[in-house]
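Here the structure comes first, spelled out in structure tokens, and everything after it is commentary.
The values are calculated or read from the model by the stated rules, or taken from the named source; none is laboratory data. The shown structure was predicted, so the numbers you read here are calculated from the model rather than taken from an experiment. As a convention, Cβ positions derive from the backbone with ideal geometry for all residues, glycine included, and neighbour counts pool all protein chains shown. Note: areas computed on protein heavy atoms with side chains; ligands, DNA, RNA excluded. Shrake-Rupley method; radii C 1.70, N 1.55, O 1.52, S 1.80 Å.
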Amino acid sequence: MTALSTRAKLGVVAASAVLLGSVAAGYAATAAEPARTPPPTSGDQAVTLDPGARLLAITDRHVSTVATADPAGPRTVSGLECLRVYAAAGTGVCLKPETAWSYQVVVLDSALRQQRAVSVPGLPNRARVSASGRMVSWTTFVGGDSYTSSGFSTRTGILDTTTGVTVSSLEEFAITRDGRSYRSPDVNFWGVTFTADDNRFYATMSTGGKRYLVRGDVAARSVETLKENVECPSLSPDGTRVAFKEAIDADPAKGWRLSVLDLATMRVTATAETSSVDDQAAWLDGGTLAYTLRQDDGQPDVWTVPADGSGTPKLTIPGAESPSPLT
Amino acid sequence: MYLSTVSRPVTDPPEVGPRRRRMAMVSGNVVALGTVSLITDISAEMVAAVLPLYLVLGLQLSPVAFGVLDGVHTGATALLRVVGGYAADRFRRRKLIAGIGYTLSAVAKLGLLLAGRSVPAIGAVIAVDRLGKGVRSAPRDALITLSTPPEALGRAFGVHRAMDSVGAFLGPLAAFAVLLVVGESYDAVFVTSFCVAALAVVVLVLFVRERPAGAPTDGPDDPKVSVREAFGLLRSRPTRRIVLAAALLGLATIGDGFVYLLLQRRAELDLHWFPLLAVGTSLAYLLLAAPLGVLADRIGRLPVVIGGYSALGAAYLLLAGPVDGWPLIALTLALYGAFYAATDGVLIALAGPVLPARLRTTGIALVQTGQALAYLVSSVLFGLAWQAWGPGNAIRVAAVAVAGVLVVTLLLLATPSRLVTRKVPR
């Protein structure tokens, strides 16, 4: 090595650069995806969010609907690109890419027309609309908050579509933990689900390595903890039960069990779904939960399971994610 | 101006004219190491920029799953850093150990492709990457001290750290360029990042010299460094003092995340701008590293390190003070960047000559490890202080802690006057 002259060394570096450059360029050329075109629409009708016997879901990043009676059957796919979608009473919410690095929360009317858009930092994760269609909520993951440890934190926002009042982060709310006022820089919220009064809500709060079910009040700008190890709550249509993912042995590393909490008795019932469910489940009716599961290659499918612990999970919408009933 | 040397990393130019001579005061080996760091940092920051996107959008992993990957490796990395430092000293193969570190990190980039959606596999790959980073820093810094006359160490580290941060700046841009070309194939970013890292290893192999001309030669007859001798390092008073001072420096630092979070709250900065806060600090660091290194050689390293602490304390006070808005952001980031520029490389420049050449890598690894572990402790403590007293009081307490550390550091390091003056024993 020492025999090489400086000129020869520079030659070797240049040759290596060219070689490595071609490897990178060659790989990039084969990896480059063709420009994404909106999938063709099947059926005569466009996608609408009007209440009806259809299920809303995302197919290949586009908003689509299927008939509740035949969810694996013909699918209507719109040109609207979203990573998460949810709808109720003719109001929709869509977490949509804005640039390569940023996302928008878009409020939709029943014809998928944009009513309002809020730019949000971070990567989209959860989206919900209250049963009346008035309140909208979203969660994104933000990387920069814990810059040095490369950990994530979450941002959860709420928008009142009637007044336009926006809570950009639930971390502004006053926290009561186990009956005492609480504050900590590591508090994170995610997965909001609204009650019928369009003011109170349930959500997940994490702090100090634990995750809690919290009940919140938008008008009072406060939250209080109710129970430990209850993540991504989803309130049943009658408001008596919360579907959620329960970390096995309270350790998220072991996966999650899709379960249902009875709010009156605080009793937890595990569903028949034994695969780890990392999703905020949606109630299709008073007795059925829908959720996304991913295959080994990351392809999503929508599954359903009875909420009372009976029955077996059923593959419902193949190749789709982010399910929502159209109520 | 020092960055101009990047374009010709190897030549030791004949001394023609005063300008040339000045640049020649940074040795070819330092510029070569700086070039390796620059290229490696492009590669590392490319991946850092897209990793969250890849994990959350590409793999649809939950962030909690990602959080599980994080944080458990720090202790093991710290220990292996010292072991690697000792191995480099024992076999007098600092370049080899540094090269292994750079290679491990390069291979980890390809590992991301193979890990797929498996959380344990991704965790292992990230661990290998960090291990590589841990193993290489001490031998690299030892090589810098061994290829630089003691009176020019500040400048050498300044130039090295400035080059390093240029790479950190270019990395995200490179990642963005790749994504622009290939769409959402994060694979392509990882492969490109691997190729960039591999090029850095080539430059290291060809241009970095284990024993630069004029370096203290440990003759072939010298006995090998023993474990006992390595432990004896901590028995020497100057070494103990410098390791202790480094740990204190770590304790006084509350963590970038907290600083940016406080700044964002105080300045009511829109969250979209949040990632740019780190960019602002890096910019100040990049611009100030070389000048402050030169200043350290002129007026002494200890005063510059003390100045760095003072800048840190001032930044903390600003976060609790009356200034608001953009002036607050600009001032805080400038002070925070100045703090890093005045302490990061300069501290090693201060430590280098105190450590015996035979055990320099081990010693530098001890200094870096002490600092890193203390930093972890301080972040936890600051989190607790925030919880107990609220952010405003917590940062005031942190400022007081900095003042305390400042005094103790002065007591620790100022007594042996040879630390301050340029007459440093080898």
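Would you mind calculating the gained length between A:ARG221 and A:ALA8 on full extension (0.36 nm times residue separation, minus the Cα-Cα distance), in nm to one decimal?
69.8 nm
For the peptide A:64-70, the mean number of other protein chain Cβ atoms found within 10 angstrom of a residue's Cβ is 0.
The heavy atoms of B:LEU113 offer some 50 square angstrom of accessible surface to a 1.4 angstrom probe. Over all directions, average the projected area of the Cα convex hull of chain A and note it in nm². If I average the Cα hull's projected area over directions, I get 21.6 nm².
If you take all other residues with their beta carbon under 11 Å from the beta carbon of A:TYR86, and give Lys and Arg +1 and Asp and Glu -1, the sum is +3. The accessible area of A:ASP249, taken with all protein chains in place and a 1.4 Å probe, comes to roughly 120 Å². Judged by a Cβ-Cβ distance under 4.7 Å, the unpaired cysteines of the protein assembly as shown are A:CYS232, B:CYS195.
Taking 7 Å steps out from each Cα toward its Cβ at A:GLN115 and A:ARG183 produces label points 3.5 nm apart.
Normalising the Debye intensity of region B:26-211 to I(0), with uniform scatterers on Cα atoms only, and taking log10 at q = 0.14, 0.16 Å⁻¹ returns -0.78, -0.98.
Based on the mean of other Cβ atoms within 10 Å per residue, sort peptides B:194-200, A:284-290, A:172-178 so the most packed one is first.
Taking the mean over residues of other Cβ atoms within 10 Å, the ranking is B:194-200, A:284-290, A:172-178.
Across the cross-link table entries A:LYS9/B:LYS109; A:LYS227/B:LYS109; A:LYS254/A:LYS314; A:LYS245/B:LYS109; B:LYS109/B:LYS224, which are compared at the Cα atoms, the separations over 29 Å belong to A:LYS227/B:LYS109; A:LYS245/B:LYS109; B:LYS109/B:LYS224. Highest GNM mean-square fluctuation among A:GLN114, A:GLN280, A:GLN295, for chain A modelled with Cα contacts below 10 Å: A:GLN295. For the segment B:205-211, counting C-beta atoms of other chains within 10 Å of every residue's C-beta and taking the mean gives 3.
With all protein chains kept in place, the per residue accessible area of the protein assembly as shown amounts to 41 square angstrom at a probe of 1.4 angstrom. Taking Cα atoms only, the orientation of helix A:6-31 departs from the longest principal axis of chain A by about 40 degrees. Taking all protein chains together, B:ILE306, B:ILE364 sort by accessible area into B:ILE306, B:ILE364, largest first [probe 1.4 Å]. The length gained by stretching the chain between B:PHE169 and B:LEU113 to full extension, at 0.36 nm per residue less their Cα-Cα distance, is 17.7 nm. Computed over every Cα-Cα pair of region B:264-334 and binned at 5 Å starting from 0, the pair-distance distribution P(r) comes out as 4, 15, 21, 23, 17, 11, 7, 3, 1 percent. With each label modelled as a point 7 angstrom along the Cα→C-beta vector, the B:LEU384-B:LEU331 pair spans 3.2 nm.
Take each residue of peptide B:260-266, count the partner chain Cβ atoms within 10 Å of its Cβ, and average: the result is 2.
Note on region B:132-242: with neighbouring protein chains present and a 1.4 Å probe, carbon and sulfur make up 63 percent of its accessible heavy-atom surface.
The residues neighbouring A:LEU226, those whose beta-carbon lies less than 11 Å from its own, together hold a net charge of 0 under the Lys/Arg +1, Asp/Glu -1 convention.
When the other protein chains are added to the chain by itself, burial of at least 40 square angstrom of heavy-atom accessible area (probe 1.4 Å, ligands and nucleic acids ignored) affects these residues of region A:269-300: A:ARG294. Here the Debye sum runs over all C-alpha atoms of the protein assembly as shown as equal scatterers in vacuum, and log10 of I(q)/I(0) at q = 0.05, 0.06, 0.09 Å⁻¹ comes out as -0.29, -0.42, -0.87. Ordering B:PHE169, B:PHE258, B:PHE231, B:PHE157 by accessible surface, largest first, gives B:PHE231, B:PHE169, B:PHE258, B:PHE157; the 1.4 Å probe counts only protein heavy atoms, with every chain in place.
Heavy-atom accessible area for A:SER184, with the other protein chains in place and a 1.4 Å probe, reaches approximately 20 Å². Compared with its chain on its own, region A:106-131 contains the following residues whose accessible area drops by 50 Å² or more in the full protein assembly (probe 1.4 Å; ligands, DNA and RNA excluded): A:PRO121, A:LEU123. The contact between chain A and chain B removes approximately 4500 Å² from the accessible area (both sides summed; 1.4 Å probe; ligands, DNA and RNA excluded). Between A:THR99 and A:THR162, the FRET efficiency from the beta-carbon distance, with R0 = 35 Å, is close to 0.75.
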